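The values are calculated or read from the model by the stated rules, or taken from the named source; none is laboratory data. Quick caveat: nothing in here was measured; it's all calculated off a predicted structure. As a convention, Cβ positions derive from the backbone with ideal geometry for all residues, glycine included, and neighbour counts pool all protein chains shown. We work out accessible area using only protein heavy atoms, side chains counted, and drop any ligands, DNA or RNA first. Shrake-Rupley method; radii C 1.70, N 1.55, O 1.52, S 1.80 Å.
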Amino acid sequence: MATKTATGGAWTTAGNWSPSGVPTNADDVIIPTGINQNIPTSATVAFRSLTIDSGATFTGNASATAQCGHSTPGPGNVAISISSGATVTWTAGTIQLVSTSTTQQTIATGGKTLPAITQSGVGSSYLLSDALTCGAFSISAGTFDTASYTITWTSFAHSGTGTKVFSPGSSIITCTSANTPWTSNGTNFTLSSNTCTIKLTPAVNQATWTTASGTYYNIENNAAGSFLSGALTCENFTYTCDANQTRIVQFSGNLTVNGTFTVTGNSAVNRPVVQSTAIGTPRTITAGATAISGGVDWRDIAGAGAAAPFVASSGFMGDRLGNSGITFTTPATQTRDSTSGQQWGVAARWTSRVPLPQDDVVLGASSGSISGTDVLCFGRNLDFSAYTNTLTLTSSSTEYQLFGDVELGAGMSWGAIPNTFYVEHRGRDTHTVTTNGNPYFRATSNQRANFWCVGGSYEFVDDVWIHTSSAGWAVINHYAGTLDLGAGRSHTIGSIASTTTTYARSITAGAGTTMTAPATGAASIINFSTTNLTTDLAELEIIISTASANARTITAGAVNEIGTVTYTVAASTGALSFAAASGHKIGTLNIGDGRTVTATANALLQIREWNGSGASGAPLAVQSLTSGTPFWLAILDRPTWDYVDAKDIFGVVQGKLYVGANGVIDSGCTNV
C-alpha cells in the first residue's frame with residue numbers, strides 16, 4: 001500500500017505519479033492543487049481512496065472505469081473526497097465501488113457531477129458526506145446510506161442475490177431517466193425505514209418502476225411523462241399531468257398508498273388515464289385518502305381503502321370501463337352546435353362539455369364542420385347518422401378511442417386526414433359499426449381500426465370501407481372480444497390481423513359476406529395467431545382486387561377455415577402465399593393464370609375446390625416457400641390443370657395431381 005500523488009497527465013502513465021508507478025487498488029490517490037490529471041478514454045484504473053484537492057483539475061473521459069476499494073478502508077475511512085474548489089469533468093464512464101471492507105467509508109462529491117456508480121463490494125458500506133449528482137446508480141451488494149442528502153441521478157437499480165441495503169433517510173431523490181428510473185430485480189434487498197421523496201422527471205417517455213421492493217415514502221411524478229409500476233407500496237403517491245392527452249399512470253400489480261393518492265389532471269381535455277396494464281384485468285388501488293382534481297380518466301381500476309369510493313374535488317372523472325370503487329361524472333349526451341370551423345375540444349360547441357368516455361356524442365343535421373380533432377377520446381356511442389358537414393381528423397400517430405357504437409352519416413365528408421392514426425373500438429357490451437356507405441378512412445397508408453372489445457362484440461351491420469385506396473394499407477387489428485363481419489356484406493378491407501395471444505378473440509362472418517383487399521403493396525391480407533382465437537369464416541370470400549407484382553399473404557392457421565379466396569384480377573403477377581406453419585384450410589380457391597401459389601414447407605394446404613390453371617405464356621406456379629423442402633397439398637376435388645409448374649409439392653390425393661400436358665414437374669415433387 002502506498003500514497004500516490006499525481007504529477008499531471010494521463011493516469012495510465014507510470015511517470016505521471018510520485019512515487020512512479022500507476023496506482024493499484026491498494027493505493028491512496030491524491031491529485032493536488034495545480035495538477036491536471038485525466039483518465040484516458042476506455043481506460044480502467046484503480047485506487048483504494050481518491051482525494052482531489054482544491055485547485056486541482058481532473059477529467060474522466062468517456063467509457064473510462066474507475067475501481068474504488070480494497071479489503072481495507074483508506075485513511076480516515078474516506079473512499080472519495082472531492083474539494084468544492086477543484087475543477088472536475090467526470091460525467092461519462094463508471095465508478096465501481098468494489099471494497100470488501102465492512103468499515104463505513106465516506107463519499108464527498110464537492111458538488112461535482114459524477115458518472116454512473118455501481119456498488120458490488122460484498123459487505124461494503126458507504127455514507128454520503130454531501131449531495132450527490134451522478135449517472136445511473138446500481139447496487140448488487142453492500143450498504144449505501146444517503147445521510148438524508150439531496151440526490152439527483154439518472155436511475156436507481158438493485159440486482160443479484162447479494163445482501164444489499166439502501167438507506168435513503170429523508171433525502172429528496174430525483175430520477176431523470178426517460179425510461180426506467182427505478183428497477184428492483186434483485187433479492188435480499190432491504191429498503192430501510194425512511195421518509196424520503198423520490199421524484200420521477202421523465203422528459204417525454206414513460207417512467208417505468210419495475211418490480212418494486214420494500215415500502216417507499218413519497219413517490220412523485222411531476223414532469224412531461226407517464227408512469228408504469230408493478231405492485232407498489234408507499235406512504236404518498238403523486239402524479240401531476242402536463243398539457244398532454246397521452247399521459248397514463250398504469251399498474252401491472254396493485255398499489256397500496258397508506259397516506260394520500262394524488263392525481264392532478266391538466267384540463268378538461270388533458271386528462272391522464274389511471275389504468276391497469278391488462279385490459280379487462282382490474283388492479284386495486286388502496287388509499288387512505290385521495291386528492292383528485294383537474295380531470296382524470298380511469299380504466300380497469302378498483303378503488304379501495306378508507307378513501308373509496310374515490311371522488312374528485314374538482315374536474316371531470318372519465319369512465320373508460322372496467323372500474324369499481326370510483327365516483328364518475330354523470331353521463332350526458334353531447335350534441336355539437338351549428339358553429340363551423342372549430343376544433344372538437346372546444347367546450348362551448350357541445351351541450352355542456354367536451355365529451356367524456358361515458359358520454360354519447362351526436363353530430364346532427366345542424367352541426368357545424370369540425371376543423372380538427374384535438375382530443376383522443378371521442379366518447380361512448382357516436383351518432384353521426386344525420387351529419388352532412390365535414391369532420392377533419394388531424395392528430396397523427398395517435399389512437400382515437402370510443403367506447404360504444406359508431407354510425408357514420410351518408411352525407412358527411414372527411415377533411416384532410418393524416419397518414420398514420422388508429423381508431424380504437426373499446427366497448428365491452430354488444431356494439432355495432434354502421435357506415436351508411438361512407439368510408440372509415442380516406443387516406444393512403446397506415447390507418448388502423450382496432451377492436452379491443454374485452455368480453456363484448458362489434459358487428460358490421462352494413463358494408464364497411466376500411467380502405468378506399470389501392471396505394472395504401474388501412475387495416476383491422478382485432479385484439480379482444482368478438483368481431484362479427486355480418487352476413488351478406490361487401491366489405492373493403494386492406495387486411496385483418498389478430499395476433500395478440502393474451503385475450504380471448506373470435507372473428508365471424510355470415511353467408512354471402514365478401515372482403516375485398518385492394519392494396520397493391522406487399523400485404524398480409526390475413527394474419528392470425530391461433531392462440532385464444534376462434535373463427536367462423538367458412539362463408540367468407542376474400543377477393544384480391546388489384547393487380548400487383550407484390551406478394552399477398554394469408555396466415556390463418558389450419559383451424560381457421562376460410563370459405564373462398566379469389567385471385568383472378570387480370571395481369572397480376574404477385575404471388576399468393578399461404579404462410580402459416582400449421583397449414584391452411586380453404587373451401588374454394590379461384591386463381592388466375594400467370595400466378596404463383598406458395599405455401600410454408602412441411603405445412604398442409606387443404607383446398608376443397610381448386611378453380612383455375614395456367615395458360616400458354618402464363619403458367620401457374622405452385623411451389624413451396626422453401627426451395628428443396630416440400631409442402632403438403634390436399635385438394636378434395638382434383639382439379640383439371642394445364643400449364644402448371646409444380647415444385648416441392650407432396651400431393652395428398654387419391655392418385656396423383658396432374659399438371660397437364662403442358663405442365664412441368666420440377667424438383668422435389670411426390671404424387672404429382
Protection proxy ranking of 538-546, 612-620, 502-510 - average other beta-carbon atoms within 10 Å, highest first: 538-546, 502-510, 612-620
Sequence-separation-based contact order of the range 115-191, relative, with Cα cut under 8 Å and 6+ spacing, percent: 28
Excluding residues fewer than 8 positions from residue 164 in its own chain, the lysines with Cα under 29 Å of it are 112, 199
Quick one: the Cα spread of the range 314-362 along its three principal axes, in angstroms, biggest first? 40, 22, 14
Can you tell me what the convex hull of the Cα atoms of the range 142-206 projects to on average, as an area in nm²? 4.2
Here the gain from full extension of residue 231 to residue 653, 0.36 nm per residue of separation minus their alpha-carbon distance, amounts to 146.2 nm
Calculate one ³J(HN,Hα) per residue across the range 78-90 by plugging θ = phi - 60° into the Karplus curve 6.51 cos²θ - 1.76 cosθ + 1.60, and present them in order as whole Hz with x for glycine and proline. 9, 8, 9, 9, 10, 6, 5, x, 7, 9, 10, 10, 8
Mean projected area (nm²) from the convex hull of Cα positions in the range 384-525 is 8.0
Once the piece of chain linking residue 277 and residue 240 is laid out straight, how much longer is it, given 0.36 nm per residue of separation minus the C-alpha distance between them? 11.4 nm
Can you list the lysines whose alpha carbon is less than 21 Å from that of residue 656, not counting same-chain residues fewer than 8 positions off? 585, 647
Could you work out the mean projected area of the convex hull around the alpha carbons of the range 219-328, in square nanometres to one decimal? 5.4
With θ taken as phi - 60° and the coefficients 6.51, -1.76 and 1.60, list the Karplus ³J(HN,Hα) couplings across the range 272-280 in order, rounded to whole Hz; mark glycine and proline as x. x, 10, 8, 8, 7, 6, 10, 4, x
Gyration tensor (alpha-carbon) shape descriptor, the range 36-177, a/c threshold 1.5: rounded
On the protein heavy atoms, probe 1.4 angstrom, tell me the percent of accessible surface of the chain carried by carbon and sulfur. 49
Within the range 362-400, find all residues whose amide N lies under 16 Å from a label point positioned 7 Å from the Cα of residue 347 along Cα-to-beta-carbon. 375
Over the C-alpha atoms of the range 470-509, what are the Rg and the largest Cα-to-Cα span, Dmax, in Å? 11.5, 33
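Mind checking the full-extension length gain between residue 499 and residue 215? Use 0.36 nm per residue of separation minus the Cα-Cα distance, one decimal, nm.
98.4 nm
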What would the Debye formula give as log10 I(q)/I(0) at q = 0.08 Å⁻¹ for the alpha-carbon point model of the chain, no solvent? -0.80
Provide the convex hull volume over Cα atoms per residue for the range 343-400, in Å³. 76
Within straight-line cross-link reach of residue 4, aspartates and glutamates at Cα separation under 16 Å, skipping those fewer than 8 residues along the same chain: 27, 28, 53
In nm, to one decimal, how far is the modelled label at residue 420 from the one at residue 615, with both set 7 Å along Cα→Cβ? 4.2
